[in-house]
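Where a number appears in this text, it was derived from the coordinates with a stated rule and is not lab data. Please read these numbers as outputs of a predicted model, since none were measured by experiment. Note that each Cβ is placed from the backbone with ideal geometry, even for glycine, and that neighbours are counted across all protein chains shown.
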Amino acid sequence: MGVFKRLFGICGTRPPADNQSWTYEGGRIEIDLNRTPELFVPFGAIRLEKKALPERILVFNGGDQQFHAIYNRCSHMGRRLDPLPDTQTIRCCSVLGSTYDYSGGVMSGPAKESVKTLPVMKSEDRLYISVKA
Ligand code: FES
């Protein structure tokens, strides 16, 4: 990501192109993988916001044959996160760029606290993520 974007804290991950590809109901996110090509590629990601979600959520393909979900709010000053390809880490989009491992633990940067991850269950062409408010 360019320095300009990082200076202004603009993250690289976009909401899903197909806004109908996911739902949130009863504390659970359901994602239709047939409608989210962003997640097909290693380190591809979508950010889920609104639809009454209690928190912003980053969902990404970890490049490890698994999908991951994490609260999309850096514990330093709340900026959004992006997967950092080929490093098994997630990085804050601010210029200070705290990084976290896939368990949400702080790896580097000014952040002091971990970020909460969420369990992702895959069933056929769907992902299910339980979100506890
Ligand atoms: S908000 Fe993430 S490092 Fe400051």
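On the basis of the beta-carbon distance and an R0 of 22 Å, Asp125 and Lys51 show a calculated FRET efficiency of 0.65. Computed over neighbours whose Cβ is under 12 Å from that of Pro15, the net charge equals +3, Lys and Arg +1, Asp and Glu -1. The residues packed around Pro119, meaning those with a beta-carbon under 15 Å from its beta-carbon, carry a net charge of +3 if Lys and Arg are +1 and Asp and Glu are -1. Note on the chain: dipole from Cβ charges, positive end direction compared against Cys74, Gly104, Gly26; the farthest Cα belongs to Cys74. By the Kirkwood approach, averaging reciprocal distances over each pair of separate Cα atoms, segment 39-133 gets a hydrodynamic radius of 13.3 Å. Could you work out the relative contact order of segment 20-133, using alpha carbon pairs under 8 angstrom and six or more residues apart, expressed as a whole percent? Answer for segment 20-133 is 24 percent.
Here the dipole of the chain is about 540 debye; that uses its Cα centre as origin and unit charges on the Cβ of Lys and Arg (positive) and Asp and Glu (negative).
Segment 92-120 and segment 12-63 have their alpha-carbon centroids 19 Å apart. Dividing the helix sum by the residues of the chain, where each DSSP H run of 4 or more adds -39500 (n - 2.57), gives a mean residue ellipticity at 222 nm of -500 deg cm²/dmol.
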